[in-house]
Amino acid sequence: MLGSCLARDRVRSDARKRAGFPEKLASALLAFALAVSLAPSAAWAEAGAPDDGAPSRSSAASETSVADERASAEGGVRPTGGEAVAAADGPGVSDGTVSGVEAPVSDEAWGCAAAGGAEGEPSSGADVASPDGPSPLAGEPAKPSEAAEAASGGAEASEVSATASLVGRDAEGGVETWAAPRSYTLDAGASVADLTEAMFEANGIEANVFAPSSGSSWQVNSITSPFDDDLVLGTDFDTGERWHVFVNGVEVDQYDPYLHKRELSAGDAVVWFYSVSGEEPPAAEMSVSLSLVGQDARGVSQTWLPEASISLPQGSTAADLTEELFAQEGIEADIVTPDEQGYWMLNEVTSPLDPDVKLSWDAQTGAFWQLFVNGKMAEVGADACALQPGDVVTWCYGADGTLPGQVKASLQVIGRDADGVAQTWLASAETALVEGSTVADLTKLLFAKEGLGYRASQTEWGWSLDAVTSPYDDGLTLGTVQEGGAWRYWRLLVNGEPCGSYADGYALRPGDAVTWYHAAFGEGLPNEDGIVVSPDAPRPDWEAFWPGFASGAAATQAPTPAGDAQEAWVSDLKDPSDYSTYVSDPLVVNGRVYVAVGRQLRAFDAATGARVGVAALAAPIDSVARMVYADGIVVVPLSGGRLQALTADALATVWVTAELAPIDDTGTQQALSSLAVDEGRVVFGTASAGWSGESYNGYLTCVSLADGSILWQRRNEEAGYYWAGAVFVGDWAVIGDDAGALTVSDAASGETVGLLDMGAPVRSTAVAGSREGTVFVVTSDGVLHKVLVDARTGALSEEGRVKFGSSSTSTPTVANGKVYAGGASREGVENEWGYVTYGGVLAVIDEESLALEHEVLTYGEEAVPLPGDSKSAPLVSTQDDGTYVYFTCNARPGGIYRYRVGDASAQLMYEPDADHAQYSMSSIVCGSDGMLYYVNDSGALFAVGAAATGGEGDGGDGPLGPDGSNPPVGDAGGGGADEEADPRDRGAFAAAPPSKRPLSPGDARDAVEEEAFEDAPEEEVPDEEASSEVAALSMEPRDGANGSGRVAVASEEDGGAPREERGIPWLPVAGIAVGACGLAASLAWFVRAQRGSGEGGAR
C-alpha cells in the first residue's frame, strides 16, 4: 500500500508532497502495526493447522499412444538458450552371477519406489487462467487448430469434430455433470441434434426426444439422470427450469433455426444445461494426458512417465497440465515461470528411475525438452498452448523435433505367499515405452510405479531379477531357493514362453506379455484371466459371525449400539466419481471384514480398519454383489455369471467358474442375486438385464464348494433372478424370479417340483419362517407373502399376504415371532414439480397373523419422513431394554437408521460427513462385539460402534491371523494401519470442514487404483546398505507415507497415541497485544495529525 501511495505522489507538486508527508508516515505506521499484530497469530495458525494435502483428481492411464492423430494440434518452441547441464554418468555396475545362483549383489539393489500420483478430494473445478498473450519465446500467437482452419476455408472435409457435454441437477438441485465434455466425429453437415444424440448414445443417457416432422423441431423433452433412475428432468413451468443449449458459450434459440437443421462447424462446443433462462453453464472440465520421454545414462531414449490422464478446467494449457501431473507423480523438475523470467520453460528434469540423470538444454548437442501435442511438434510455448478435451501432451528430450517410435507391452508378477501358494503380486499392467526398450526397462518402470521392492544384478552377461518383496507381507522376500530338490527362482517368460535371454537383451515387440514368475523350471503359468488357481491351497477352519447376505444372521443378540454411536473407522474404497467400479455388501469372518471392489477382494482388520489382504478377481463384480463365506472360502459373484472362490486367510483362488453363455441377444448374464449355501453347494441366480431395469432371462445354477464344478443348471427364458436369492427348506431350494414365479427345485438334482404365481416380480431373497416349512417372500409391489412348502412333495401354497408399502425390494428378517421388512411408503406426496414421491418405510409384522403392528415412516424427534425407500435387509438385535432394528434408506445422507420396536419414530443413529453422504442400498452387518459395518455409494466402508467403546472391540468373532492372535493397530500385515485405516475420533473434527481433515495415504491411493494392486505398500529394506541404494533409486515417496492416517490427534509415529492438547500459546497472544497497542497509538497520532493539517489551511 505504501509503495502505491509513493508512486502516485511522484506526479504531485512538491508542496503537496511536503504537506502529505505526515499522512504517508501514518499509513506506513498503520501498515507496520497491522503486520506486527497479525504475524504471531498467522504463525500460530500455520503451526497448528491440520495439513490439507489432498491432491486434485487424476487417473493414471494404463494404455498410452503418444502418436495418436487427432483433429487439432497445438505447438511449442525450442529454447533459444540456457545454461548447459551435461547429463551425469549413470551408476556403476558391479559384477554378479546369473539369476538362480547365490551371488554378490550389484549396485542396482532394492529399487523400492513409490508412485507419486495420489488421488484425494476432488478439485474445486475453478478455471486455471492462462497468461495473457503468447510466450515471449514463442514469437507468434497460438495458431488455430487444423480443424478450425478447415472450417474457415480450404478443402471441404468429409467429417466434422465437435465437443458435447450435459450438465443436469442432482436430487437436491445442485449442479451435476451428467456427461463430461467429449469430442465426437460425425459426417460433414451433421447438426446440433445429431451431436446431441451421439452424446446420449455414447454415455448411455436415457432421453425423451421429440422427433422432427414437417414444420416442427427436434427437441429434448426430458432426460433421466445417469446416476439416479428416479430423477427425470424436463420443463418445469413452476420454476421456469428447462433444458437450454449453448454453442461456443452462447445460448441458441432451439427453434431459429431448428436444432436438427443447425449445422455444426469444426471445433464447436455444445453444452446442454438444465436451468432457468439467463443462467450460464458452469465451467466444464476436460480430460487430457501427458507422458515424459527422457534418456538413460547412456543417452538411450527411456520412458520416464507413461501416459497419465487428469481432469483440468477447459482453457488450461500444456504448462498447467505439466505442473499438475509432475507434482502428482513426484517428477522433480526445474521450471522457469513467467513470474521469474517473463516466460514459461521446462528447463531440467530429473529421471524418476535414476536420480543421477538430470536432463536440460545441452548446448553441444542442441537437445532440450521438446513439446508435442497429439504427436506433433508444438509451435507455441507450453503456457500459450491451450488444450482441447482428449489432447495428449508429450515432453520428449531430443533435438530433432520428432518422437521416438513406441511399443506397448504388459507385465505381471506372480510370487508366493508365506505358505508357498502362488499369488499375484502385480496384475497384468500394460504400458507404452519407446521403441527399442527392453524387458529390463519395462520391469524397472512398472516396479517403480507400483512400489515393488526388488533386487537386481547387472553382469557382463546381462540384467537379472534376483529378489522381490511381497506387496502384502514386507517380511517376505523371495529369491533363489531350493525346495524339494528343485530350484525356485524368478523365471522370465514372454508370451508364456521362456525368454531365452537376459532382461536387457530382449527388445520388446508390440503386444508382448512379460511375466516374472517365482517358480521352478518348467512350471506352468496361471489361467487366461491372469489368476493363479491353487486348488490345493489350505482352507482355514474359521467361524463367521456374518457369512453372507441375510443368511440367518440378520437377527442377533450382539451388543449393537443402543445409544450414541460414533465412527470407529472409515475406509475410502474408490473414487466417489467412479461410477463404473462397484462395491459389494460386506462379510464379517474371524475378525476380518471382506469387501469386493471392482476387480479386487479386500480384507480388513475389523477392529482397526487396517487392510490385511487383497486379491485380484477374474472379472469385475456387477452393480450388486452378495458374497458368501463357507468351508474356509469366500465365494464372490462376478460379471458374466461367474463365481470365484478364495481362501479366507491367504486369499488364494481355489477355483473360478466359466462365464455363462448368453441365452439370446439381450446381453450377458449378471450375477445380481444372493448366494445360498447348503451341504457343500452354493445356489445362485443370474439375469440378463437392460438399462430400463427389466430382466429378460437368466440361469439358476448349483455349484460345488469343493471344486467349483456345476452340479446342475436351469435356464429361465422368461425372466432373470434380479436381487433374488434362494432359501433351503429341507430337500428343496425356493427362489422367486422377475416374472413373479416362485419355484421349488430339488436341491440335489435341480428338478422343478413346485410353482406359485406371486402376482408381481420378486426382487428379494426368500427367508424361512420360525415354523417348519414356512417361507416369507416380498414382491416388488410392497406385499409380504407367507408361503407353505410341502416337506414331502415340495408343493407350494400361499397362507396369507399383507401390503406394507407401495414397492419393495427388501429381503425380510424373521426374529422373535415378527417379520421386519423395508420398502417405500404406501402413500406418496406430490412435490413442487408435480411428481409423486414416496418416503421410506420399515414394517413390523406379526409372523402368525400377518398383522401390521408398526409402520415406521419417520425419524427424529420432529418426525421427519424417511428420505427414501429401504432396500436393505433389516438387522434385528435383541437386547435387555428392547429390540432394535438397523437399516439404510436409498437417499442422502446414506447413514444408519435405528428403530426400537414400539417407539413412534426411528432415529438417524449415524450420519456420514459431507464427503461420504450418498445413497445406500447396503444392508447393515455386525460382528459379535456389536460393531456395525456397511457401505454406501460414496465408495466407502464404514465401521460404527457405540460411543462408549469408540470402536475398541476386537472386531467381533475371534483371532485375526493364522497364529490365532489379533495383531496390534498398525501391525496387521499387508501394510499396517496406514493402508486403509481411518480410526477417527469424530469429536476431534466436529467443527472442521471435510476439506480441512487430513487425508491418509491409503485414501489417496485407493482413489486411483486400476484393476489390482496399484497401491502396493512401500517395502521395508532389510539392511542399511540396501536402504541407501533405495534412496538413490526411488522416486519421491507418496505424500504422508509415514502412515499418519486421517486422525489429526494421533499418528503412527507415536504409536497411535493421542497428542497432548496444546495450551494457550502465550507468545503469540503477547504479540497480538503489542500489535493492538501499536495500532491504537498510531490511530491516535493520525487523528491528531489530521486536525493539525486542517488548522494549517487547505492542502
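The values are calculated or read from the model by the stated rules, or taken from the named source; none is laboratory data. The structure displayed is predicted, hence computed values, not measured ones. Cβ: placed from backbone, ideal geometry, glycine included. Neighbour counts: every protein chain shown.
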Single unsatisfied condition, Gly693 versus (1) modelled with pLDDT under 95; (2) crowded, with 22+ Cβ neighbours inside 10 Å | (2)
Which one is surrounded by the fewest Cβ atoms within 10 Å (Cβ to Cβ), of the residues in segment 353-370 that are closer than 22 Å to Val392 by Cα and in contact with a Leu (Cβ under 8 Å, 6 or more places away or on another chain)?
-> Ala367
Hand me the list of strands (runs of 3 or more DSSP E) wholly inside segment 156-247 holding 1 or more residues that are among the aromatic types (Phe, Trp, Tyr).
-> 175-187, 207-210, 242-247
Write out, first by first residue and then by second, each pair whose Cβ atoms fall under 6 Å of each other, whose residues are 6+ apart or on separate chains, and whose first residue, in segment 259-271, is of a type in the set (Gly, Ala, Ser) while the second is not in a strand (DSSP E or B).
-> Ser265/Ala151; Ala266/Ala147; Ala266/Ala150; Ala266/Ala151; Gly267/Ala147; Gly267/Ala148; Ala269/Asn248
Identify, by number, the condition in (1) modelled with pLDDT under 95; (2) of a type in the set (Ser, Thr, Tyr); (3) surrounded by fewer than 22 Cβ atoms within 10 Å (Cβ to Cβ) that Ser316 doesn't meet.
-> (3)
Evaluate segment 407-429: report whether one residue or more is at pLDDT below 85 and in contact with a helix residue (DSSP H, G or I) (Cβ under 7 Å, 6 or more places away or on another chain).
-> yes
Does Tyr274 satisfy the criteria of being under 18 Å from Val175 (Cβ atoms) and in the same structural domain as Ala162 (by TED's automatic domain parsing)?
-> yes
Considering only segment 240-282, state which residues are among the aromatic types (Phe, Trp, Tyr) and either more than 21 Å from Gly189 (Cβ to Cβ) or buried (at least 18 other Cβ atoms within 10 Å of the Cβ) (or both).
-> Trp243, Phe246, Tyr258, Trp272, Phe273, Tyr274
Does segment 797-813 hold any residues that are more than 20 Å from Thr858 (Cα to Cα) and surrounded by fewer than 22 Cβ atoms within 10 Å (Cβ to Cβ), and which are they?
-> Ser797, Glu798, Glu799, Gly800, Arg801, Val802
Of these, Gly822, Gly834, which one is buried (at least 22 other Cβ atoms within 10 Å of the Cβ) and either assigned to a loop (DSSP other than H, G, I, E, B) or under 32 Å from the mean Cα position of the chain (by Cα) (or both)?
-> Gly822
Test for Trp425: is it aromatic (Phe, Trp, Tyr) and surrounded by fewer than 20 Cβ atoms within 10 Å (Cβ to Cβ) = no
Do we find that Ser191 is assigned by TED's automatic domain parsing to the domain that holds Val167 and under 30 Å from Pro867 (Cβ atoms) in this structure?
-> no
Could you check how many residues of segment 368-414 are over 17 Å from Val434 (Cα atoms) and either in the same structural domain as Asp441 (by TED's automatic domain parsing) or part of a loop (DSSP other than H, G, I, E, B) (or both)?
-> 13
Log entry, pairs with first residue in segment 814-830 being in contact (Cβ under 8 Å) with a residue 60 or more places away in the chain, second being among the polar types (S, T, N, Q) and in a loop (DSSP other than H, G, I, E, B), beta carbons closer than 7 Å, six or more apart or on different chains, reads Val814/Ser770; Gly822/Ser808; Gly822/Ser810; Gly822/Ser870; Gly822/Ser872
From the residues in segment 568-603 that are among the aromatic types (Phe, Trp, Tyr) and assigned to a strand (DSSP E or B), which one is surrounded by the fewest Cβ atoms within 10 Å (Cβ to Cβ)?
-> Tyr594
Which of the residues belonging to segment 578-590 are at pLDDT 95 or above and among the small types (Gly, Ala, Ser)?
-> Ser584
Can you confirm whether segment 545-556 contains a residue that is farther than 15 Å from Gln644 by Cα and either within 19 Å of the chain's Cα centre (by Cα) or of a type in the set (Lys, Arg) (or both)?
-> no
Looking at (1) touching a strand residue (DSSP E or B) at 6+ places or on another chain (Cβ under 9 Å); (2) over 30 Å from Met345 (Cβ atoms), can you tell me which one Met286 breaks?
-> (2)
Mind listing just one residue for me: the one in segment 290-313 that is among the small types (Gly, Ala, Ser) and in a loop (DSSP other than H, G, I, E, B) and, of those, surrounded by the fewest Cβ atoms within 10 Å (Cβ to Cβ)?
-> Gly299
Residue pairs meeting the criteria (Cβ under 7 Å; at least 6 apart or on separate chains; first assigned to a loop (DSSP other than H, G, I, E, B), in segment 896-918; second of a type in the set (D, E, K, R)) = Ala917/Arg892; Gln918/Arg892; Gln918/Asp937
Filter segment 446-466 for residues that are aliphatic (A, V, I, L, M), at pLDDT 90 or above and over 21 Å from Ala650 (Cβ atoms); which is nearest to the chain's Cα centre (by Cα)?
-> Leu446
Checked Leu346, Leu325 against criteria (assigned to a strand (DSSP E or B) and buried (at least 22 other Cβ atoms within 10 Å of the Cβ)); the one match is Leu346
Count - residues of segment 484-525 that are outside any strand (DSSP E or B) and in contact (Cβ under 8 Å) with a residue 24 or more places away in the chain = 15
